[in-house]
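Right, one structure below, let's go through it.
FYI, it's all coordinate maths here, none of it is from the lab. Note that this is a predicted model, so its numbers are computed, not measured. No Cβ is skipped: glycine too gets one built from the backbone with ideal geometry, and neighbour counts run over all protein chains shown.
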Amino acid sequence: MSKYAPHHRSAPRATSSTICQKCLQTGHFTYECKSPRPYVSRPSRTQMMENPKLLAKLKADGKPSVEVPEEFTRKYVFCEP
């Protein structure tokens, strides 16, 4: 057999725990999927901001999720020439 001949490898088998990313069912890979994509409803960004149960991290103690260094919170920064 030539080194340029195609090497036949068997395709991986999907197990019963394999979840398709397209239809969210089990037992097949995404590229094998023949099912339609299901509609998944999610809250909008406004609903997440208004409802603290949906996004508790944003409303936690009224603080931002990231700490801002002091040098960026001061209004005036003077540099010596």
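Modelled spin labels at GLU32 and GLN47, positioned 7 Å past Cα toward Cβ, are 3.5 nm from each other.
What does the extension gain come out to for PHE72 and LYS22, with contour length at 0.36 nm per residue minus their alpha carbon separation?
On the way: separation 50, 0.36 × 50 = 18.00 nm, distance 4.39 nm.
Here the answer is 13.6 nm.
Using the average count of surrounding beta-carbon atoms within 10 Å as a protection proxy, the listed peptides 24-35, 40-51 rank, highest first, as 24-35, 40-51.
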